[in-house]
């Protein structure tokens, strides 16, 4: 199954815009010896991905079905990105007070925000309920806390106004190729383990005892999870909802939150698998999901942003060791943390440019196997090993592709390296317009974050 075109925005167009934007970033001074690494976000690609998601589910849902596509904020915790996605009709899935604050700063209304987290405090729950934000409870103890907040007298009728409340279940359908991102394994920390002995019956009873519990939530995992496994997780939560509603005698569960997790192809510019692939497979496997009896919530993150992003970094030095060419750049573990520490699971495509931002031609001798090293002071700080590329020299540039999700907002502050500036761009012919998403972090800001205002505090105790 392939879906390589997003609302008319195919891989060739995305690649062409990227090449134009790289040149413009150099010409307009976004990348320079003083700012040797930047993040670039293709605004057109983001809008096309959001449109493709909406269209894919519109094609399979019954008319009038309430559908909320809530972007997983952890994938790109950047206010202008959240505002752009809101303009495309998306809400936000948040998992911390900080992410909630970012969604609010982006102007996302409470009814389009979903709070998920395995460790919500009582204060976080109280705030979310008061704001009418949807909450997915993770475990029985959290349900007890919600009991005290929603119906403190033990009444079945809630005493406290609130938004929708759901229960996260772990369908325990298995894991994918990346253990750390597989959330529906037998021992996952997330949700209530549905297949453990006696648990299913307890879940049905717990929901029946709480008329205000009207949603079920399940998320099978992210990168490395095949569509068939994702679909199996959704089918499990759908069947549980059917059982609960039959038990209570009415449609108490009225909305199913099916999570996100569409894997990303990091091997080319093609967007595959696509949202339509997934939606059509769900329609075949769980047809009752779309017949209008249930509202739907999705929580996609990486798949919406990955293909839109490029990290562009300057080669500071070119050297060799043991016969291996090494390009020392300014993009390493501080940005590509997962790629550096788990390269088999998170390989990135690397492109080579000259100092002007033009694709670097291959010399007559052919491609050269090179290590692309980052600036962090440990030997393993490599974003690519033994990678065939045009031979890189000092002053050249490298592009780390498919980095629009997680690579820009999950900075690893090793060596107190500053967070780079992030810029969105649009291309009209040869004209490129940039907009600041986040300015480069200054060394003064690093000092402040590191306790600079309290330099002598330990001398006073």
Listed by range, strands (runs of 3 or more DSSP E) wholly within the range 324-407 having at least 1 residues that are in contact (Cβ under 8 Å) with a residue 60 or more places away in the chain are 324-329, 350-353, 382-389, 397-401
Condition (residue is in contact (Cβ under 8 Å) with a residue 60 or more places away in the chain and surrounded by 23 or more Cβ atoms within 10 Å (Cβ to Cβ)) applied to the range 59-67: is it met by at least one residue? no
Per the filter on the range 9-18, residues in contact (Cβ under 8 Å) with a residue 60 or more places away in the chain and buried (at least 18 other Cβ atoms within 10 Å of the Cβ) are 14, 17, 18
So, of the residues in the range 74-111 that are touching a residue at least 60 places away in the same chain (Cβ under 8 Å) and in a helix (DSSP H, G or I), which turns out to be surrounded by the most Cβ atoms within 10 Å (Cβ to Cβ)? 81
Can you find even one residue in the range 27-36 that is in contact with a helix residue (DSSP H, G or I) (Cβ under 9 Å, 6 or more places away or on another chain), outside the structural domain of residue 258 (by TED's automatic domain parsing) and buried (at least 18 other Cβ atoms within 10 Å of the Cβ)? yes
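Just checking, does the range 92-100 include any residue being out of contact with any strand residue (DSSP E or B) (no Cβ under 8 Å at 6 or more places or on another chain) and within 30 Å of residue 196 (Cβ to Cβ)? Explain how you work it out, then say what you get.
In the first step, residues of the range 92-100 are kept if they are out of contact with any strand residue (DSSP E or B) (no Cβ under 8 Å at 6 or more places or on another chain); the result is 96-98.
With the extra rule that they be within 30 Å of residue 196 (Cβ to Cβ), the set shrinks to 96.
Yes.
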Taking the range 390-415 and keeping only residues that are within 14 Å of the chain's Cα centre (by Cα) and at positive phi, one is left with 402, 406
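Okay, residues lined up against (1) closer than 19 Å to residue 166 by Cα; (2) part of a helix (DSSP H, G or I):
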residue	(1), (2)
224	no, no
232	no, yes
240	yes, yes
245	yes, yes
251	yes, no
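The values are calculated or read from the model by the stated rules, or taken from the named source; none is laboratory data. What you are looking at is a predicted structure, and each value in this text was computed from that prediction instead of being measured. Cβ: placed from backbone, ideal geometry, glycine included. Neighbour counts: every protein chain shown.
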